[in-house]
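The values are calculated or read from the model by the stated rules, or taken from the named source; none is laboratory data. What you see is a predicted model, and the numbers here were worked out from it, not measured in a lab. All Cβ positions, glycine included, derive from the backbone under ideal geometry; neighbour counts span all protein chains shown. Accessible surface areas use protein heavy atoms only, side chains included; no ligands, DNA or RNA. Shrake-Rupley method; radii C 1.70, N 1.55, O 1.52, S 1.80 Å.
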Amino acid sequence: MINLRVAGTGSYLPPTCVTNEELARKMETSDEWIRSRTGIRERRLLAAGDVPSDMGVEAARRALLAAGRTTEDIGLLIVASNVFEQPVPGTAPFISKGLGLPGDVPFLDLMAGCSGFVFAVAVAGGMLSSGTARSVMVVGHEALSRFVSWEDRSTCVLFGDGAGAVLLEPAAGESGILGVSLHGDPSKVHLLRIESGGVRAPSTVEDVRQGRHLLKMEGEGVFRSAVHMMVRASLEALAHAGLGVEDVDWWIPHQANVRIIEAFARRLAIPESRVFVNIDRVANTSTASIPIGLDELVRAGRVREGDVLALTAFGAGASYGTVVLRW
Ligand code: UT7
């Protein structure tokens, strides 16, 4: 067990809300198709001119406020995302700058597909337990609306933008990370990808014309793997924790598709009332989906001291993992 406490949570959703009906006016789709296939009704999109780190900074500020802490209390900043503000440096320095962190606070970017936040919490736990960091602000933020093709209806309707953050601190009591299971399956590297823009394929005019700088997804393949991956990681993390499925008070799964979440819950016989779902309002915010969900649960007063929470995700790579926490 890694003793720590979640001192505060925060999240930020951009104000621009786009409903399925609005999308249906611009492309060959319908509210009925999107809702019945995914559970999504609307999504928030980052306004033109804004950058992803603006959202990460706001979520982190709210987490600090909730914790009653200041920027002086952040010992390490970990930023999980699949989008970069610019190729070099990563986004973490921009969030550090936006928060006004002192010049000696380390920061790092972590990219692990939509599982990034789960991986980042596990890394943060290790840094706290080894004494390497005195506290860790973990931020998950995403603006995939900037990397989808708005002409590819099978992908663009799925994603929304947003950010979430948690401040983790060492603690002496019962709270902390009880179990972790992290995995990667590179045989599924093709399922979710942006092909050009890196060293393998620097963007050429032709690449951009063909849309290779935008997100491509083999939705059915992702769907088929997702349930199996979250089930495996969750059972392993619970086994490490010495707990059973019935001991978890709140499951916060990555919000990719309500049908994936329901199939996952069915496989583990988890009652619907213990599974957090907000995909109808925010769509798939990738790395940000779990910290946004956690913050919404906490702010609604639904998480009590001693509760067991399971955060589980899958994503590009393919990466997948579960962290089990006691609040
Ligand atoms: O964070 C991880 C990221 N990604 C995911 O988790 C995605 C996982 N996959 C999924 O959520 C689902 O596979 C989708 C929602 C992407 C698709 O649902 P599906 O039930 O697997 O639908 P489908 O792929 O079988 O598509 C059925 C039809 C196709 O038409 P035809 O070929 O049957 O005539 C598509 O062209 O639906 C069509 N279609 C659409 N129709 C209306 C695809 N997108 C749309 C759309 N509106 N937006």
**Fill in**
When the chain is treated as a Gaussian network with springs between alpha carbons less than 10 Å apart, the largest mean-square fluctuation among ARG37, ARG259, ARG61 is found at ARG37
**Request:** Would you be so kind as to identify which of ALA66, VAL222, THR19 lies farthest towards the positive end of the dipole of the chain, taking Lys and Arg as +1 and Asp and Glu as -1 on Cβ and the Cα centre as origin?
**Result:** VAL222
**Message:** Between ARG302 and GLU21, what is the label-point separation in nm under the 7 Å Cα-to-beta-carbon projection?
**Reply:** 2.6 nm
**Prompt:** Given a cut-off of under 8 Å on Cα pairs at least six residues apart, what relative contact order in percent is computed for the chain?
**Reply:** 26 percent
**Item:** Theoretical gain in end-to-end length, ARG266 to TRP150 [0.36 nm per residue, Cα-Cα removed]
**Value:** 38.4 nm
**Item:** Spin-label proximity, GLU206 to segment 166-199 - amide N less than 18 Å from point 7 Å beyond Cα toward beta carbon
**Value:** 195-199
**Separation of the ASP31 and GLU174 label points, Cα + 7 Å toward Cβ, nm** = 4.6 nm
**Request:** Quote the relative contact order of segment 1-128 in percent (integer), defining contacts as alpha-carbon pairs under 8 Å separated by 6+ residues.
**Result:** 26 percent
**Message:** From the gyration tensor of the Cα coordinates in segment 59-180, what semi-axes in whole Å does the equivalent ellipsoid have, largest first, with each one equal to sqrt(5λ)?
**Reply:** 27, 17, 13
**Asked** For LYS26, which aspartates and glutamates qualify as cross-link partners when the Cα separation must be under 15 Å and same-chain residues fewer than eight apart are set aside?
**Response** GLU42, GLU151, ASP152
**Complete:** GNM on the chain, Cα springs under 10 Å; top mean-square fluctuation among LEU297, LEU182, LEU268 goes to LEU268
**Only Lys, Arg (+1) and Asp, Glu (-1) charged, at Cβ; the chain dipole about Cα centre in debye** = 240 debye
**Asked** What percent of all Cα-Cα pairs in the chain falls in each 20 Å bin, counting up from 0?
**Response** 34, 59, 7
**Item:** Karplus-derived 3J(HN,Hα), 6.51/-1.76/1.60, for each residue of segment 269-276, Hz, glycine and proline x
**Value:** 6, 8, x, 3, 5, 9, 10, 7
**Request:** Add +1 for every Lys or Arg and -1 for every Asp or Glu among the other residues with Cβ under 14 Å from the Cβ of LEU46, and state the total.
**Result:** -3
**Asked** Using a 1.4 Å probe on the protein chains only, how many percent of the accessible area of the chain belongs to carbon and sulfur?
**Response** 52 percent
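Give me the 1.4 Å probe accessible area per residue for the chain, excluding ligands and nucleic acids, in Å². Could you put the intermediate results ahead of the total?
Details: 13890 Å² over 327 residues.
Here the residues of the chain average 42 Å² of exposed surface.
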**segment 210-268, dipole about Cα centre (Lys/Arg Cβ +1, Asp/Glu Cβ -1), debye to the nearest 20** = 380 debye
